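Let me begin by presenting the structure, written as structure tokens, before commenting on it.
The values are calculated or read from the model by the stated rules, or taken from the named source; none is laboratory data. All of these numbers come straight from a predicted model, not from anything done at the bench. Backbone-built Cβ (ideal geometry, glycine too); neighbour counts: all protein chains shown. These accessible areas exclude ligands, DNA and RNA; they are computed on the full protein's heavy atoms, side chains included. Shrake-Rupley method; radii C 1.70, N 1.55, O 1.52, S 1.80 Å.
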Amino acid sequence: MAMMTGEEYVESMRKMNLQVYMFGKKIENPVDDPILRPSLNSVKATYDLAQNPEFEDLMTVTSSLTGEKINRFLHIHQSTEDLRNKVKMQRMLGQQTAACFQRCVGMDAFNSVYSTTYEIDEKYGTNYHKNFIEFAKYCQKNDFTVDGAMTDPKGDRGLAPHAQEDPDMYLRVVERRADGIVVRGAKAHQTGAINSQEMIVMPTISMGPEDKDYAVSFAVPMDAEGIIMIIGRQSCDTRKLENTELDVGNSEFGGVEALVVFDDVFVPNDRIFLNGEVEFAGMLVERFAGYHRQSYGGCKVGVGDVLIGASALAADYNGCSKASHIKDKLIEMIHLNETLYCCGIACSAEGTPTASGNYIINLLLANVCKQNVTRFPYEIARLAEDIAGGIVVTAPSEADLKGEVTGPYVEKYLKAAKGVSVENRLRVLRLIENLCLGTAAVGYRTESLHGAGSPQAQRIMIARQGNLSKKKELAKKIAKIND
């Protein structure tokens with residue numbers, strides 16, 4: 001099958017029998033729901049842009065498994081060039097959508113499961129790597145969107161999975177059968193789940209022998225029996241129901257997260273990638289986290305480009321773009337954004353092959369990248385709000401702009417720079433609001449902190465991989481210290 005167009009992708013999602021709930025009610029048609037559709041449009045863009053010759057080199061690649069042309073989101077990285085092109089693609093998509101385009105987590109799961117299953121098979125003689133290769137070929141052939149699911153609800157964070165009062169706080173195997181396994185639990189904060197045809201499930205932490213039932217990885221269709229998705233609330237989400245383009249800020253694109261419940265879901269043997277081999281749970285988590293922390297050096301930078309542009313426009317429209325402090329703030333925003341990009345490119349350029357042959361990023365630099373992402377977007381957003389002014393959160397609605405009584409007053413008193421329409425001024429202010437405070441903040445501001453692991457998770461990995469003992473030896477050599 002050739003790669004799908006955006007419209008073909010949308011129609012493929014219409015055929016899915018997804019169990020999606022929002023505001024306490026089942027959504028019978030998630031594809032056309034006004035709150036959910038912008039998130040689908042963001043994924044659709046990854047198909048549309050793959051058909052665009054201008055972006056072909058970034059969006060498409062030759063599969064190492066089939067030799068066919070595929071979307072890069074389904075690729076197994078074969079070189080450091082692949083790793084760099086991944087980051088460049090993510091930045092471009094962030095620029096095009098100013099939202100989360102939701103496929104990075106599946107791509108990162110693809111590559112971490114690929115290499116980890118190879119090493120499990122080498123030790124135990126299992127068939128997990130073969131299982132995964134056949135699954136990957138299936139997804140590539142059908143040009144599917146694949147979600148990745150790692151984050152468990154976790155319950156009491158001070159207790160291991162097996163010690164939880166409710167054993168379902170981490171997803172687990174509840175039955176092992178001759179033809180497969182039955183799993184129960186949930187995966188939280190799942191970006192793109194409702195817009196995916198398939199999901200790869202992974203454990204969320206390193207595990208010990210008593211956690212054997214929780215050390216599980218597999219693939220499952222998103223409309224498999226027993227999977228229920230509950231949509232998370234977002235700030236300003238119901239503005240999409242008001243038939244107003246201006247007030248939404250980014251009316252075409254967006255992203256949503258879901259709590260994905262696995263209510264005794266059956267997984268056949270040929271879709272299992274880990275089943276009780278507890279010592280490999282940590283490897284899978286570490287590799288996935290590394291790949292996904294690399295991703296933030298691309299996608300958040302692209303969205304940051306849009307926010308910087310919106311801030312510069314707001315300064316123009318406010319009539320203050322020539323003020324030295326405004327220029328300095330824009331320079332600082334660019335500096336911070338490009339620093340994030342440097343980290344994403346650096347950890348890619350320093351990548352190395354795994355035992356399976358695919359390439360993994362430099363894990364230390366990937367964690368440094370994400371540690372910076374937990375900080376810099378907050379400062380970029382602060383500066384954007386500073387430049388825009390308080391009106392970014394006090395501006396009247398589109399209905400008031402067009403109101404018979406209120407319209408003339410809004411037009412009169414919200415004018416700023418000469419030649420700039422009030423409507424255009426409000427549009428850029430609403431975009432800044434959307435990126436810093438509204439629905440897109442989930443895919444930029446807050447996700448920058450918690451996506452791919454909390455700040456402390458990166459600091460733990462930096463401590464492990466920073467090789468402090470080697471640095472001590474360097475200091476001893478220069479200081480001529482002999483123990």
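Could you sort 141-148, 87-94 so that the peptide with the highest average Cβ count within 10 Å comes first and the rest follow in order?
Details: 141-148: 22.1, 87-94: 24.9.
The packing order, highest mean first, is 87-94, 141-148.
The peptide list 190-202, 211-223, put in order of mean Cβ contacts within 10 Å with the highest first, becomes 190-202, 211-223. Take every pair of alpha-carbon atoms less than 8 Å apart whose residues are at least six positions apart; their mean separation over the length of the chain yields a relative contact order of 18 percent. Let me know the shape class of region 216-351, please: from the alpha-carbon gyration tensor, a ≥ b ≥ c as square roots of the eigenvalues, rounded when a/c is under 1.5, otherwise prolate if a/b is greater than b/c, or oblate. Because a/c hits 1.5 or more and a/b fails to exceed b/c, region 216-351 counts as oblate. Give me the net charge of MET22's neighbourhood, meaning all other residues with Cβ under 14 Å from the Cβ of MET22; Lys, Arg count +1, Asp, Glu -1. Neighbour charge sum, excluding MET22 itself: 0. For Rg and Dmax of the Cα atoms in Å, the value computed from the atomic coordinates appears in the list (i) 23.5, 85; (ii) 22.0, 68; (iii) 30.9, 103 under label (i). Rounded to the nearest 10 degrees, the angle from helix 376-388 to the longest Cα principal axis of the chain is 10 degrees.
Under the rule a/c < 1.5 gives rounded, and otherwise a/b versus b/c splits prolate from oblate, where does region 39-178 land using the Cα gyration tensor?
Working: a/c = 2.39, a/b = 1.49, b/c = 1.60.
Oblate, since a/c reaches 1.5 and b/c is not below a/b.
Of the peptides 157-166, 30-39, the order by per-residue mean of other Cβ atoms within 10 Å, starting with the highest, comes out as 30-39, 157-166. What is the helix-to-structure angle for 128-142, meaning the angle in degrees between its Cα long axis and the longest Cα principal axis of the chain, kept from 0 to 90 and rounded to the nearest 10? So the helix axis and the longest Cα principal axis differ by about 40 degrees. Within the accessible area of region 1-104, the carbon and sulfur atoms contribute 45%, probe 1.4 Å, all protein chains present. Cβ distances below 4.7 Å define possible disulfide partners, and in the chain the cysteines left without one are CYS100, CYS104, CYS139, CYS236, CYS299, CYS320, CYS342, CYS347, CYS436.
For region 458-468, backbone phi angles converted through the Karplus equation (6.51, -1.76, 1.60; θ = phi - 60°) give residue-by-residue couplings of 5, 5, 5, 5, 4, 5, 5, 9, x, 6, 5 Hz, Gly and Pro being listed as x. The phi-based Karplus calculation (6.51 cos²θ - 1.76 cosθ + 1.60; θ = phi - 60°) puts the 3J(HN,Hα) values of region 252-267 at 8, 10, x, x, 9, 10, 9, 7, 9, 9, 10, 9, 6, 8, 7, 10 Hz, whole numbers, x for Gly and Pro. Pairs of alpha carbons in region 15-111 separated by more than 19 Å make up 48% of all such pairs.
Using Cα centres only, tell me the gap between region 307-324 and region 48-67 in whole Å. Spelled out, the Cα-based centre of one part sits 36 Å from the other.
Counting only DSSP beta bridges with both residues in the chain, the antiparallel share comes to about 85 percent. Only Cα pairs under 8 Å and 6+ residues apart enter the sum, and on that basis the relative contact order of region 217-373 stands at 24 percent.
Out of every Cα-Cα pair that region 338-483 contains, those further apart than 17 angstrom amount to 73 percent. For region 11-116, averaging the sequence separation of C-alpha pairs within contact (under 8 Å, six or more residues apart) and dividing by the residue count gives a relative contact order of 22 percent.
Helical runs (DSSP H, four residues minimum) scored at -39500 (n - 2.57) apiece and divided by the length of the chain put the mean residue ellipticity at 222 nm at -15000 deg cm²/dmol.
Can you tell me how region 310-365 classifies by the Cα gyration tensor, rounded, prolate or oblate, using a/c under 1.5 as the rounded cut? Intermediate results must be reported in sequence, preceding the final value.
On the way: a/c = 7.81, a/b = 4.08, b/c = 1.92.
Prolate, since a/c reaches 1.5 and a/b exceeds b/c.
Cα centroids of region 326-347 and region 157-173: how far apart, whole angstrom? Each part's Cα centre sits 41 Å from the other's. Taking each of LYS300/LYS415; LYS300/LYS402; LYS25/LYS370; LYS154/LYS240; LYS15/LYS44; LYS187/LYS212 in turn, the alpha-carbon distance tops 25 angstrom for LYS300/LYS415; LYS300/LYS402; LYS25/LYS370; LYS154/LYS240. Taking θ as phi - 60° and the Karplus parameters 6.51, -1.76 and 1.60, the scalar couplings of region 415-420 work out to 5, 9, 5, 4, x, 9 Hz in sequence order, x denoting glycine and proline.
For the pair region 203-226 / region 267-291, the C-alpha centres are spaced 8 Å from each other.
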